[in-house]
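The values are calculated or read from the model by the stated rules, or taken from the named source; none is laboratory data. Because the structure is a prediction, the values reported are computed rather than measured. Note: ideal-geometry Cβ built from the backbone for every residue, glycine included; neighbour counts use all protein chains shown.
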Amino acid sequence: MSLYQNDIADIARLRETQGSAWDAINPESAARMRAQNRFRTGLDIARYTASIMRRDMAEYDADPAKYTQSLGCWHGFIGQQKMISIKKHFGTTDKKYLYLSGWMIAALRSEFGPLPDQSMHEKTAVPGLIEELYTFLRQADARELGGLFRELDAAREAGDQVAERAVQNKIDNFQTHIVPIIADIDAGFGNAEATYLLSKKMIEAGACCIQLENQVSDEKQCGHQDGKVTVPHEDFLAKIRAVRYAFLELGVEDGVIVARTDSLGAGLTKQIAVTHEPGDLGDQYNSFLDCEEVDLAGMNNGDVVLNRDGKLLRPKRLPSNLFQFRKGSGEDRVVLDCITSLQNGADLLWIETEKPHVGQIAAMVNRIRDVVPNAKLVYNNSPSFNWTLNFRQQVFDAWSEEGRDLAAYDRANLMSAEYDASELAVEADNRIRSFQADGAREAGIFHHLITLPTYHTAALSTDNLAKEYFGDEGMLGYVAGVQRKEIRQGIACVKHQNMAGSDMGDDHKEYFAGEAALKAAGKDNTMNQFG
């Protein structure tokens with residue numbers, strides 16, 4: 001007997017114990033509502049999705065072709081539509097996640113208005129968006145199951161047992177839209193205690209995976225902007241442990257922590273690390289500082305000095321009171337960041353880079369894997385990169401090394417549309433197309449994500465609609481550019497009343513009031529025009 005049928009039987013038995021007071025309760029209606037609300041709490045979701053990520057991580061370790069992907073979200077509806085589209089086009093949500101971007105919360109969700117990615121937005125907006133995303137995903141489940149229940153009723157009414165069994169099988173094997181969300185906690189919004197408290201709220205909202213970066217919380221910058229300031233390793237490890245304690249306290253034992261390093265592009269630090277003996281973690285962090293040798297006579301008022309191998313070294317301090325690292329030390333710092341994070345409780349790595357280059361990423365990952373063989377990355381396929389220009393330049397450079405004639409190309413101007421149909425541009429596009437598979441195979445990338453996709457798609461589609469609608473096309477700009485495409489492509493939102501829950505509301509009205517229910521889906525509902 002299926003879970004659905006078991007629920008019907010259980011509720012029927014419960015109704016019998018209540019006597020005539022429950023005569024109007026239909027066990028199958030209650031079972032349907034139960035099926036449409038499989039996940040009662042955010043912790044149910046966190047535990048369920050953590051097990052999915054752990055399974056996917058193990059499958060990737062066995063076969064790098066089995067990498068995972070996600071797209072960034074800034075609203076529950078956006079996340080819902082992504083998963084509905086994935087189920088429509090691929091028939092499964094397997095290895096497809098959602099990404100919650102701190103950048104998009106700052107730019108689109110703050111009560112202060114649009115903000116840069118500097119952790120100035122309300123930190124409560126982060127768990128709030130997680131909860132919102134899962135509310136919309138749960139509604140996607142309820143809506144799709146509601147359609148199946150109506151199909152089941154129609155098959156029964158027609159006496160078609162074959163169709164009834166087919167629909168029942170779809171119900172019994174229904175795949176939820178609930179998937180893991182990789183949630184951005186920035187640099188923790190404060191000290192380790194603040195990180196722990198916010199992590200708890202995020203996990204309670206449903207997060208099974210929290211991404212934490214090694215920047216100074218109150219100096220935080222977007223990973224693709226200048227002025228990034230990192231913290232000593234011990235400070236970062238304390239925050240990793242804070243997230244782990246939050247997972248354990250709430251019973252999400254499989255919770256996943258992504259340790260992000262911004263060290264490749266971060267040339268500054270606010271603190272000189274505490275060190276107790278040569279070669280310890282603090283000493284290694286300090287060894288990357290840009291220093292000059294001084295003697296006591298050459299010291300200035302307020303100078304900070306280090307004693308290394310019997311020499312006095314003065315770190316270069318900027319007017320901002322920050323210290324700078326030696327130029328060219330970024331990759332070495334990234335490798336040390338990653339190894340220490342994995343050795344101290346992190347599960348996955350995030351290396352923020354300045355360009356999408358498989359060879360560059362692989363070079364760092366191979367060094368990390370010399371120490372931690374199963375090291376895996378979450379990688380930001382960022383819209384901050386000019387993908388077209390980067391890959392055309394990569395092809396240009398590769399062909400130059402091969403000695404090919406490149407007289408027809410200007411490397412500094414490869415973004416020009418005049419090259420769009422060229423052999424070089426075609427090869428660059430092929431490399432962009434295979435970037436995720438290549439990165440998974442060669443650079444240890446378990447998860448590929450795009451942080452801000454719908455920020456850009458919303459702007460692009462709105463620009464096109466506004467140009468047509470307010471221009472010569474008038475209403476045809478909407479009809480041809482939006483609605484007709486929705487109909488042709490089978491976009492569920494063309495029936496926007498249904499998507500907003502109108503049919504589910506009708507079902508509930510019928511459960512509660514029977515024949516007296518006043519339902520919206522009558523003959524005069526204009527949604528009927530869409531068949």
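Key figures for this structure:
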quantity: Subset of the range 12-21 that is exposed (fewer than 14 other Cβ atoms within 10 Å of the Cβ) and hydrophobic (A, V, I, L, M, F, W, C) - its residue that is nearest to the chain's Cα centre (by Cα); calculated: LEU14
quantity: Criterion (without any contact (Cβ under 8 Å) to a residue 40 or more places away in the chain, within 30 Å of ARG54 (Cβ to Cβ) and not aliphatic (A, V, I, L, M)) met by exactly one of GLY190, GLY251, GLY279; calculated: GLY190
quantity: Of all residues making up the range 317-331, the number that are surrounded by fewer than 18 Cβ atoms within 10 Å (Cβ to Cβ), within 31 Å of the chain's Cα centre (by Cα) and outside any loop (DSSP other than H, G, I, E, B); calculated: 1
quantity: Failed item in (1) loosely packed, with under 11 Cβ neighbours inside 10 Å; (2) in contact (Cβ under 8 Å) with a residue 24 or more places away in the chain, with PRO64 passing the rest; calculated: (1)
quantity: Number of the exception - TRP350 against (1) in contact (Cβ under 8 Å) with a residue 40 or more places away in the chain; (2) farther than 28 Å from ALA242 by Cα; (3) not in a loop (DSSP other than H, G, I, E, B); calculated: (2)
quantity: From ASN374, ASN386, residue being surrounded by fewer than 16 Cβ atoms within 10 Å (Cβ to Cβ), under 26 Å from GLY444 (Cα atoms) and touching an Asp or Glu at 6+ places or on another chain (Cβ under 7 Å); calculated: ASN374
quantity: Selection within the range 204-233 - at pLDDT 75 or above, small (Gly, Ala, Ser) and closer than 25 Å to LEU342 by Cβ; calculated: ALA207, SER217
quantity: Condition met for SER70 (polar (S, T, N, Q), within 20 Å of GLU144 (Cα to Cα), in contact (Cβ under 8 Å) with a residue 12 or more places away in the chain and crowded, with 17+ Cβ neighbours inside 10 Å); calculated: no
quantity: Residue list for the range 86-127, filter: closer than 21 Å to ILE445 by Cβ and under 19 Å from the mean Cα position of the chain (by Cα); calculated: ILE86, THR93, ASP94, LYS95, LYS96, TYR97, LEU98, TYR99, LEU100, SER101, GLY102, TRP103
quantity: Qualifying residue in the range 511-523 (condition: within 20 Å of PHE77 (Cβ to Cβ) and among the basic types (Lys, Arg)); calculated: no
quantity: Single residue of the range 157-208 satisfying the filter (β-branched (Val, Ile, Thr) and touching a strand residue (DSSP E or B) at 6+ places or on another chain (Cβ under 8 Å)) that is nearest to LEU137 (Cα to Cα); calculated: VAL179
quantity: Complete set of residues in the range 31-48 that are β-branched (Val, Ile, Thr) and in a helix (DSSP H, G or I); calculated: ILE45
quantity: Restricting the range 177-220 to residues that are of a type in the set (Ser, Thr, Tyr) and more than 18 Å from the chain's Cα centre (by Cα), the residue that is farthest from ASN344 (Cα to Cα); calculated: SER217
quantity: Pick from the range 338-347, criterion in contact (Cβ under 8 Å) with a residue 60 or more places away in the chain and either assigned to a helix (DSSP H, G or I) or within 20 Å of ILE445 (Cβ to Cβ) (or both), ranking: farthest from the chain's Cα centre (by Cα); calculated: THR340
quantity: Count of residues meeting criterion [surrounded by fewer than 20 Cβ atoms within 10 Å (Cβ to Cβ) and either at pLDDT 90 or above or over 22 Å from GLU219 (Cβ atoms) (or both)] in the range 116-130; calculated: 4
quantity: Residue that is surrounded by the fewest Cβ atoms within 10 Å (Cβ to Cβ) [pool: residues in the range 73-115 that are of a type in the set (Gly, Ala, Ser) and closer than 22 Å to ILE210 by Cβ]; calculated: SER110
quantity: Among the residues listed as ARG314, ARG244, the single one being outside any strand (DSSP E or B) and basic (Lys, Arg); calculated: ARG244
quantity: Those residues of the range 468-487 which are more than 17 Å from ILE84 (Cβ to Cβ) and loosely packed, with under 13 Cβ neighbours inside 10 Å, in sequence order; calculated: PHE470, GLY471, ASP472, GLY474, MET475, LEU476, ALA480
quantity: Within the range 248-286, considering residues that are within 21 Å of ASP186 (Cα to Cα) and of a type in the set (Gly, Ala, Ser), the one surrounded by the fewest Cβ atoms within 10 Å (Cβ to Cβ); calculated: GLY265
quantity: Where HIS357 falls short, out of the listed (1) touching a strand residue (DSSP E or B) at 6+ places or on another chain (Cβ under 6 Å); (2) more than 26 Å from ALA50 (Cα to Cα); calculated: (1)
quantity: Selected residue [at pLDDT 95 or above and in a helix (DSSP H, G or I)] from VAL179, VAL167; calculated: VAL167
quantity: Candidates LEU98, LEU148, LEU108 - the one that is modelled with pLDDT of 95 or more and closer than 25 Å to VAL378 by Cα; calculated: LEU98
quantity: So THR462, is it surrounded by 15 or more Cβ atoms within 10 Å (Cβ to Cβ), under 25 Å from the mean Cα position of the chain (by Cα) and not basic (Lys, Arg); calculated: no
quantity: Unmet criterion (only one of (1) touching a residue at least 40 places away in the same chain (Cβ under 8 Å); (2) crowded, with 21+ Cβ neighbours inside 10 Å; (3) of a type in the set (A, V, I, L, M)) for VAL335; calculated: (1)
